Structure formats: C-alpha cells, structure tokens
Amino acid sequence: MGLNRVRAVFFDLDNTLIDTAGASRRGMLEVIKLLQSKYHSKEEAELICDKVQVKLSKECFHPYSTCITDLRTSHWEEAIQETKGGADNRKLAEECYFLWKSTRLQHMTLPEDVKAMLTELRKEVRLLLLTNGDRQTQREKIEACACQSYFDAIVVGGEQKEEKPAPSIFYHCCDLLGVQPGDCVMVGDTLETDIQGGLNAGLKATVWINRSGSVPVMSSPVPHYVVSSVLELPTLLRSIDCKVSLSV
C-alpha cells in the first residue's frame with residue numbers, strides 16, 4: 001500500500017452496476033401487452049407507455065409531500081386519459097404501475113462478473129454504494145439485486161439532506177468509511193450527478209461509465225477517466241495507484 005493510494009470506491013447503482021434502463025424497458029413491454037388486451041390497439045398501448053416514459057424523465061419528487069406510489073400511478077392515469085379520454089382510469093393505472101414496477105424489479109440483477117469484481121476489489125479497498133432517488137424505490141432495487149453484502153456502506157440520496165452532486169453527501173460517505181475525499185474514487189454513469197458531485201467534493205478521481213460512447217456537450221463536467229464498462233475499473237485503479245506511487 002503506497003502513500004496516497006486509493007482507499008475507497010463509491011459506486012452509483014442505476015445503469016452503473018445494474019441495467020435499470022433495460023429492466024424498465026422490459027416492464028413497459030409487459031404493460032403494452034396488458035393495455036393491448038384492454039384496448040385492442042398496440043399503437044395506443046405504446047403511446048400510453050411513451051407518455052409515461054416522458055413523465056418519468058421529468059419527474060420531480062418531494063418525499064415530504066408525495067408518496068412515490070401515488071405519483072407514479074398518476075403518471076399512468078394521466079397518460080391513459082390523454083390518449084383515450086374519459087375519466088376514472090385509476091384502477092387500470094394502478095394495475096399498469098404495479099406490473100411495470102414488479103417486472104422491472106425482477107430484472108434488476110447484479111451480473112455475476114460484477115459480483116466477482118466487487119468481491120475482489122473489496123479485498124483491497126473499501127466499497128460504498130451511493131445512489132440518488134426516493135428512499136422506497138432505491139431500497140427496493142437494492143433488495144431486488146441483493147447487493148448489500150458487497151459493500152461496506154450504502155447511502156441513499158432520498159434519506160439524506162442533499163443528494164449528488166452536493167458535496168455534503170460525499171463527505172457523509174467519507175465519514176462512514178473513515179477516509180478523506182482525496183482517498184476516494186466515484187464511479188457512475190451520469191455526468192451531472194456522479195461526476196460533478198465527485199469533482200465538487202474534491203475526490204481523488206471520477207470515473208464515467210459511458211456504455212454507448214456518447215459525446216458529452218461542451219458544458220458538461222469533465223471526468224478524470226472514461227470507461228465503457230464498470231468491469232474495466234480494477235485495471236484503471238491499478239493505473240491510478242501506479243501514477244501516484246511514481247509521482248511520490
């Protein structure tokens with residue numbers, strides 16, 4: 001163990017360790033089947049799901065004033081109403097929401113190669129899961145993918161005063177593990193929260209998981225490192241440690 005070596009790695013959850021987007025798509029496909037059986041129109045069923053997807057992407061959730069179940073059921077209710085007209089779609093909306101949610105959770109799994117990587121990494125460094133989002137939703141995902149045993153600590157943004165990219169949540173993570181920000185690396189798929197947050201908190205390094213090879217806009221935060229898969233992380237960490245020891 002060299003001086004200034006990486007001592008802890010913070011991992012994002014959604015679309016970093018688990019394929020949340022893919023699981024969500026599978027959930028939508030099941031709802032399309034359900035709506036098609038009700039309305040006998042695949043086009044209308046797909047349109048309703050497309051509208052819900054847009055609502056989810058623009059969602060503003062305030063845990064003290066809203067229940068996530070009510071909010072997301074309302075997304076479905078509004079989408080059905082906007083597409084089909086009429087009223088009193090609450091029962092069908094609830095059916096759609098719970099089918100989407102349960103299917104999504106079934107497909108939220110921690111891949112075997114990711115489990116193996118986390119197990120090996122934890123022999124060398126401390127690992128922490130740092131995820132933004134509603135407490136209930138994120139805790140359900142964590143339970144569904146059974147990832148608790150791979151981490152020294154788990155921090156859910158919805159349970160804290162501030163979420164990523166606020167420095168405070170990163171300092172809280174450091175305190176939990178007994179490390180300094182300069183000892184830590186943040187790994188995640190979202191520039192605006194994971195990478196910007198790591199930069200805001202002065203972490204040793206930020207690693208952006210860019211699966212699709214997308215080109216960020218000029219104003220985006222700039223990560224220290226970019227990889228196409230989280231599985232590239234062990235090699236990258238060795239490289240970071242090597243650079244540190246050479247500079248020392």
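The values are calculated or read from the model by the stated rules, or taken from the named source; none is laboratory data. No experiment lies behind these values; they were computed from the predicted model shown. Here Cβ is always computed from backbone atoms with ideal geometry, including for glycine, and neighbour counts include all displayed protein chains. For the accessible areas, the whole protein counts, side chains as well, though only heavy atoms, and no ligand, DNA or RNA atoms are used. Shrake-Rupley method; radii C 1.70, N 1.55, O 1.52, S 1.80 Å.
How many residues does segment 161-177 contain that are basic (Lys, Arg) and surrounded by fewer than 19 Cβ atoms within 10 Å (Cβ to Cβ)?
So the count comes out to 1.
List the helices (runs of 4 or more DSSP H) that sit entirely inside segment 80-152 and contain at least 1 residues that are open to solvent by less than 50 Å² (accessible area, probe 1.4 Å) and of a type in the set (Ser, Thr, Tyr).
90-106, 135-144
Using beta carbons and a limit of 6 Å, which pairs, at least six apart or on different chains, have the first residue in segment 14-33 and under 16 Å from Glu140 (Cα atoms) and the second one among the hydroxyl-bearing types (Ser, Thr, Tyr)?
From segment 14-33, the pairs are Asp14/Thr20; Gly27/Thr103.
Can you run down the residue pairs with Cβ atoms below 7 Å, 6 or more apart or on separate chains, where the first is in segment 73-90 and in the same structural domain as Lys101 (by the TED database) and the partner is modelled with pLDDT of 95 or more and of a type in the set (Phe, Trp, Tyr)?
Thr73/Tyr97; Trp76/Tyr97
Quick one: what pairs do we get from segment 224-248, first residue at pLDDT below 90, second open to solvent by less than 30 Å² (accessible area, probe 1.4 Å), C-beta under 9 Å, 6+ apart or different chains?
Ile240/Val6; Ile240/Val185; Ile240/Ala205; Asp241/Val6; Val244/Val6
Restricting to segment 9-39, what's the tally of residues that are open to solvent by less than 20 Å² (accessible area, probe 1.4 Å) and not in a helix (DSSP H, G or I)?
The number of residues fulfilling the criteria is 8.
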